[in-house]
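Novice: Have a look at this one.
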Amino acid sequence: MPTLEILSGAHAGQTFNFSEEAKIGKDESCLVKINDPGVSRFHARIVKDGGGLHIEDMGSSNGTYVNFKKRGQGEKTALSDRDIVFFGRTVTKFWSEAPPEKGAGVTLDFLRETFPIKGFACPHCDKNLEPDLRARVREQEQIEVIRRLGLHQVDPATLERLIAQAK
């Protein structure tokens, strides 16, 4: 069953299963209710369209991001397993089926799954650039997570607590 897992914010750790449609927003009628200042009352919705699921921004103030790309109001975007979706500052992960159990080795491979890095070679000398690119993607991934979650604004004690929880 398709699942939306909340990875950050006040609702971190919650999962929402659905089959045909899931509305996301602050309104009580939404299946995925998110209390985040950057989330609108009716922010987005996930709908079954054709053979797959699509996400559509419903005119939110701050937009809906799928794999770090902002989607326009009314634009339907196909969802794939493990897509990362942002609603305000809330980070979620879409699962085609239920997410793996906690402690099953899940990693935050945000960019590595959305950014093609296999087979990169220098056009002049044919040097394999993949190892360097992998390192840069990991670094950018960490920077993006820190920025999106506002961790650069967190006091040192809270940051230490978050790091300890992540281990």
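The values are calculated or read from the model by the stated rules, or taken from the named source; none is laboratory data. Bear in mind the structure is a predicted one, so any value in this text is a computation, not a measurement. As a convention, Cβ positions derive from the backbone with ideal geometry for all residues, glycine included, and neighbour counts pool all protein chains shown. Only protein heavy atoms, including side chains, enter the accessible area calculation; ligands, DNA and RNA are left aside. Shrake-Rupley method; radii C 1.70, N 1.55, O 1.52, S 1.80 Å.
Novice: For the range 50-63, state whether one or more residues are touching a strand residue (DSSP E or B) at 6+ places or on another chain (Cβ under 7 Å), closer than 27 Å to L162 by Cβ and not in a loop (DSSP other than H, G, I, E, B).
Specialist: There is no residue in the range 50-63 that is touching a strand residue (DSSP E or B) at 6+ places or on another chain (Cβ under 7 Å), closer than 27 Å to L162 by Cβ and not in a loop (DSSP other than H, G, I, E, B).
Novice: Take T114 and decide whether it is modelled with pLDDT under 85 and in contact with a strand residue (DSSP E or B) (Cβ under 9 Å, 6 or more places away or on another chain).
Specialist: Yes: the conditions hold for T114.
Novice: Would you check which residues across the range 1-40 are of a type in the set (G, A, S) and either under 13 Å from K93 (Cβ atoms) or buried (at least 20 other Cβ atoms within 10 Å of the Cβ) (or both) and list them? Full working, then the answer.
Specialist: Step one: list which residues in the range 1-40 are of a type in the set (G, A, S), which gives 8-10, 12-13, 19, 22, 25, 29, 38, 40.
Answer for the range 1-40, where residues must be of a type in the set (G, A, S) and either under 13 Å from K93 (Cβ atoms) or buried (at least 20 other Cβ atoms within 10 Å of the Cβ) (or both): S8, G9, A12, G13, A22, G25, S40.
Novice: Can you report the number of residues in the range 17-31 which are in contact with a Ser or Thr (Cβ under 8 Å, 6 or more places away or on another chain), modelled with pLDDT of 95 or more and either farther than 17 Å from G74 by Cβ or not in a strand (DSSP E or B) (or both)?
Specialist: Qualifying residue count for the region: 1.
Novice: Identify, by number, the condition in (1) at pLDDT below 75; (2) open to solvent by 90 Å² or more (accessible area, probe 1.4 Å); (3) part of a loop (DSSP other than H, G, I, E, B) that Q140 doesn't meet.
Specialist: All conditions are met except number (3).
Novice: Consider D57 against the criteria (1) touching a His at 6+ places or on another chain (Cβ under 8 Å); (2) open to solvent by 60 Å² or more (accessible area, probe 1.4 Å); (3) over 18 Å from G9 (Cβ atoms); (4) modelled with pLDDT of 95 or more: it satisfies all of them except one. Which criterion is unmet?
Specialist: Tallying (1) touching a His at 6+ places or on another chain (Cβ under 8 Å); (2) open to solvent by 60 Å² or more (accessible area, probe 1.4 Å); (3) over 18 Å from G9 (Cβ atoms); (4) modelled with pLDDT of 95 or more, D57 fails exactly one: (2).
Novice: Same structure again: If you scan the range 70-86, which residues turn out to be under 19 Å from G38 (Cβ atoms), assigned to a strand (DSSP E or B) and not polar (S, T, N, Q)?
Specialist: Of everything in the range 70-86, those that are under 19 Å from G38 (Cβ atoms), assigned to a strand (DSSP E or B) and not polar (S, T, N, Q) turn out to be K70, R71, I84, V85, F86.
Novice: Also, quick follow-up: Does R41 satisfy the criteria of being assigned to a loop (DSSP other than H, G, I, E, B), more than 14 Å from the chain's Cα centre (by Cα) and of a type in the set (K, R)?
Specialist: yes
Novice: Now, a different point. Restricting to the range 15-40, count the residues that are touching a Cys at 6+ places or on another chain (Cβ under 9 Å) and among the hydrophobic types (A, V, I, L, M, F, W, C). Walk me through it before giving the result.
Specialist: Our first condition is that a residue be touching a Cys at 6+ places or on another chain (Cβ under 9 Å); within the range 15-40, this holds for 22-24.
Remaining after also requiring among the hydrophobic types (A, V, I, L, M, F, W, C): 22, 24.
Count: 2.
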